[in-house]
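Undergrad: The following block contains the structure, expressed as structure tokens.
The values are calculated or read from the model by the stated rules, or taken from the named source; none is laboratory data. These numbers were taken from a predicted model, which means no experiment stands behind them. Please note: Cβ atoms are built from the backbone with ideal geometry, for glycine as well, and neighbour counts cover all protein chains shown.
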């Protein structure tokens, strides 16, 4: 899997900041403007390399499509699509011109439900991944920066979380807390951070061993300055790639928890739809059209995030040998 | 490359930091010797198991409200009955007494009494364990073999159409929720769709009236769909790990040497590249067992397989806390034990990791 070599500089990473006195800057271009130019250039370079990964571009377009569907859902289907009381169709109708994907056991349009469900599934996936990566980056950077007992304790905890079966822990957490979206986000977030913490810590150690950090310290830069100004920008590309990959597993985890009946019963999500289908007896009745669309939606979005994440990873670290 | 690819053990910050998301291969000090290494690993595993035990106790005490309310399921119960329930499950004792009680009992194999079945948790677990081992063992052997075989092919033909198809399919299957795949397989192959009749049973482990060899065949018949589901969702991980491990080896000089002395391509791969690439792969395969536990829970739920996963689902829906707690401990312990085994076997397989 990912093997980042700390001696191999990341490709999008900027060179160490140049002090104004060393580089005679042209008039009007202060260090800030220079930094922005540099960032724009490396972003352009990143995009150029990313474009050559066909799978990554495919993933990105699929994500754009789903994001569009989720954002425009209030206009296209509206929130009354999930209302059980005045459902437009009869229960369990097969796909027809009026209901392209059929109806559920309450007579609600499945197409509408799948479109509406994308909002919850994407939102939970995103927030859980952001929470997970934030915890992981925080612990990784601090454990890499402050050596000694703090790092030892933190890495022990990380190791312990790493050997725990993630889903079992998430299920246990979701069981003991109340049924809500917040619970699901928290359960996924606090169980999936350890891989990020390990990766970020390794990268932090690599960055901190470089001479320019010593220089920053010698000039009086404190812990906060070194971590936020020097380490964080350097681990950011890694953190981004990691976020993309974790969103995909977070979406799968959300669907799984919802399927096991641990989700918020008042909102529609793809995993929840599958649970409804199973409880309504769609499986034994052979009503495949009830089950197929939510599952495909989950799979496509999870795959799209995985493809994007792998493309980002291989742009940042060409040694990985991910094929284009 | 093996020794360098493993991240430093906890607390050893040596500046150079080899990274890996979950590559926690063992690092043996050449001077220490194997017995000391084993002792260290076993000690670490014991600490982890203890930590799991402690967590399993406190995690399930986080629950807001009274556990007795869950037991009675909202029925009208008199105060005396509630008190009786509390005494029966030891919930009237102070927290620290409950805790020492729990740890002491757990060490003797007593994990409490299930609210739901009114039976010792440990009995329910030992009852279900063989079924889970049958399902997981069969799938594990198949998906590992398949993953290594296809991963080797994919890496050897890196970038060609076969590799792309292989890797693409593995990634796609990896993104599919296992329970959904299971449900679809039930509809297509067990319930039957259109002209296809139902070929396999929809769930369970046995039809109930078979004896002797017919019974074995019957169980095997029930085993097909769950195993197919598990293999489909799990082999991708092994494939990708094998593939990247082999790609790391591909540029090595010894392979060029092997080719230069005139070995056939096939032999170079089989005798030289694959054995070396399999070493890091093995550690990861064992670490990924944690993922397999998740897959097993879902697949057993979907196929009503009478194993630990199915039991976990039943316990969750109540929620039957002692049972959830016991199963949580068993699942975590299984992963820890497997990881420790991998750590112990590893230096025996790789002579470069000194003994």
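Undergrad: Tell me yes or no: at least one residue of segment A:94-115 is in contact with a helix residue (DSSP H, G or I) (Cβ under 9 Å, 6 or more places away or on another chain), part of a helix (DSSP H, G or I), modelled with pLDDT of 85 or more and within 21 Å of residue A:244 (Cα to Cα).
TA: No - not one qualifying residue is present in segment A:94-115.
Undergrad: What single numbered condition from (1) within 14 Å of chain A (Cβ to nearest Cβ); (2) in contact (Cβ under 8 Å) with a residue 40 or more places away in the chain; (3) under 23 Å from residue B:294 (Cβ atoms) fails to hold for residue B:187?
TA: The number of the failed condition is (2).
Undergrad: Does segment B:332-344 contain at least one residue that is touching a residue at least 12 places away in the same chain (Cβ under 8 Å), closer than 16 Å to residue B:134 by Cα and either out of contact with any strand residue (DSSP E or B) (no Cβ under 8 Å at 6 or more places or on another chain) or within 11 Å of chain A (Cβ to nearest Cβ) (or both)?
TA: Yes, the conditions are met somewhere in segment B:332-344.
Undergrad: Separate question: Answer with yes or no whether residue A:208 is surrounded by fewer than 24 Cβ atoms within 10 Å (Cβ to Cβ), facing chain B (nearest Cβ under 10 Å) and over 28 Å from residue A:166 (Cα atoms).
TA: yes
Undergrad: A follow-up question, please. Regarding segment A:41-50, can at least one residue be identified that is assigned to a loop (DSSP other than H, G, I, E, B), touching a residue at least 12 places away in the same chain (Cβ under 8 Å), touching a helix residue (DSSP H, G or I) at 6+ places or on another chain (Cβ under 8 Å) and closer than 25 Å to residue A:301 by Cβ?
TA: No, segment A:41-50 contains no residue that is assigned to a loop (DSSP other than H, G, I, E, B), touching a residue at least 12 places away in the same chain (Cβ under 8 Å), touching a helix residue (DSSP H, G or I) at 6+ places or on another chain (Cβ under 8 Å) and closer than 25 Å to residue A:301 by Cβ.
Undergrad: Would you mind stating whether residue B:297 is within 30 Å of residue A:284 (Cα to Cα), within 9 Å of chain A (Cβ to nearest Cβ) and under 13 Å from the mean Cα position of the chain (by Cα)?
TA: yes
Undergrad: Are any residues in segment A:216-250 more than 14 Å from chain B (Cβ to nearest Cβ) and in contact (Cβ under 8 Å) with a residue 60 or more places away in the chain, and if so, which ones? Steps first, please.
TA: Taking segment A:216-250 first, the residues more than 14 Å from chain B (Cβ to nearest Cβ) are A:216-230, A:232-233, A:236, A:240.
Correct list: A:223, A:226, A:227, A:232, A:233, A:240.
Undergrad: Is it the case, given these coordinates, that residue B:253 is buried (at least 18 other Cβ atoms within 10 Å of the Cβ) and without any contact (Cβ under 8 Å) to a residue 40 or more places away in the chain?
TA: Numbers: buried (at least 18 other Cβ atoms within 10 Å of the Cβ): no; without any contact (Cβ under 8 Å) to a residue 40 or more places away in the chain: yes.
The answer is no for residue B:253.
Undergrad: Can you spot a residue in segment A:59-80 that is within 24 Å of the chain's Cα centre (by Cα), within 14 Å of another protein chain (Cβ to nearest Cβ), within 17 Å of residue A:241 (Cβ to Cβ) and at pLDDT 85 or above?
TA: Yes: segment A:59-80 contains one or more residues that are within 24 Å of the chain's Cα centre (by Cα), within 14 Å of another protein chain (Cβ to nearest Cβ), within 17 Å of residue A:241 (Cβ to Cβ) and at pLDDT 85 or above.
Undergrad: Now a separate question. Which residue, of B:10, B:52, is surrounded by 13 or more Cβ atoms within 10 Å (Cβ to Cβ), under 24 Å from residue A:140 (Cβ atoms), at pLDDT below 55 and within 14 Å of another protein chain (Cβ to nearest Cβ)?
TA: Just one listed residue meets the conditions, B:10.
Undergrad: In segment B:163-179, what residues are touching a helix residue (DSSP H, G or I) at 6+ places or on another chain (Cβ under 8 Å) and more than 20 Å from residue B:231 (Cβ to Cβ)?
TA: Residue satisfying the conditions is B:163 alone.
Undergrad: When you look at residue B:279, is it outside any loop (DSSP other than H, G, I, E, B), out of contact with any strand residue (DSSP E or B) (no Cβ under 9 Å at 6 or more places or on another chain) and within 29 Å of residue A:162 (Cβ to Cβ), yes or no?
TA: Here the answer is yes, as residue B:279 does meet what is asked.
Undergrad: Does segment B:227-238 include one or more residues that are closer than 30 Å to residue A:249 by Cβ, free of Cβ contacts under 8 Å to residues at least 60 places away in the same chain, under 28 Å from the mean Cα position of the chain (by Cα) and within 13 Å of another protein chain (Cβ to nearest Cβ)?
TA: There is at least one residue in segment B:227-238 that is closer than 30 Å to residue A:249 by Cβ, free of Cβ contacts under 8 Å to residues at least 60 places away in the same chain, under 28 Å from the mean Cα position of the chain (by Cα) and within 13 Å of another protein chain (Cβ to nearest Cβ).
Undergrad: Please give the number of the condition residue A:94 fails out of (1) under 30 Å from the mean Cα position of the chain (by Cα); (2) more than 28 Å from residue A:317 (Cα to Cα); (3) within 14 Å of chain B (Cβ to nearest Cβ).
TA: Every listed condition holds for residue A:94 apart from (1).
Undergrad: In addition: When you look at residue B:306, is it more than 19 Å from the chain's Cα centre (by Cα) and either under 23 Å from residue A:191 (Cα atoms) or surrounded by fewer than 21 Cβ atoms within 10 Å (Cβ to Cβ) (or both), yes or no?
TA: No: the conditions fail for residue B:306.
Undergrad: Which of the residues belonging to segment B:310-328 are in a helix (DSSP H, G or I) and facing chain A (nearest Cβ under 10 Å)?
TA: Passing the criteria: B:312, B:313, B:315, B:316, B:317, B:321, B:324, B:325, B:327, B:328.
Undergrad: Further question on the same structure: Restricting to segment B:144-162, what's the tally of residues that are in contact (Cβ under 8 Å) with a residue 24 or more places away in the chain and either crowded, with 19+ Cβ neighbours inside 10 Å or in a helix (DSSP H, G or I) (or both)?
TA: Of segment B:144-162, the ones in contact (Cβ under 8 Å) with a residue 24 or more places away in the chain are B:144, B:146-148, B:150-152, B:154-156, B:158.
Then drop every residue that is not either crowded, with 19+ Cβ neighbours inside 10 Å or in a helix (DSSP H, G or I) (or both), which leaves B:144, B:146-148, B:150-152, B:154-156.
Final tally of qualifying residues: 10.
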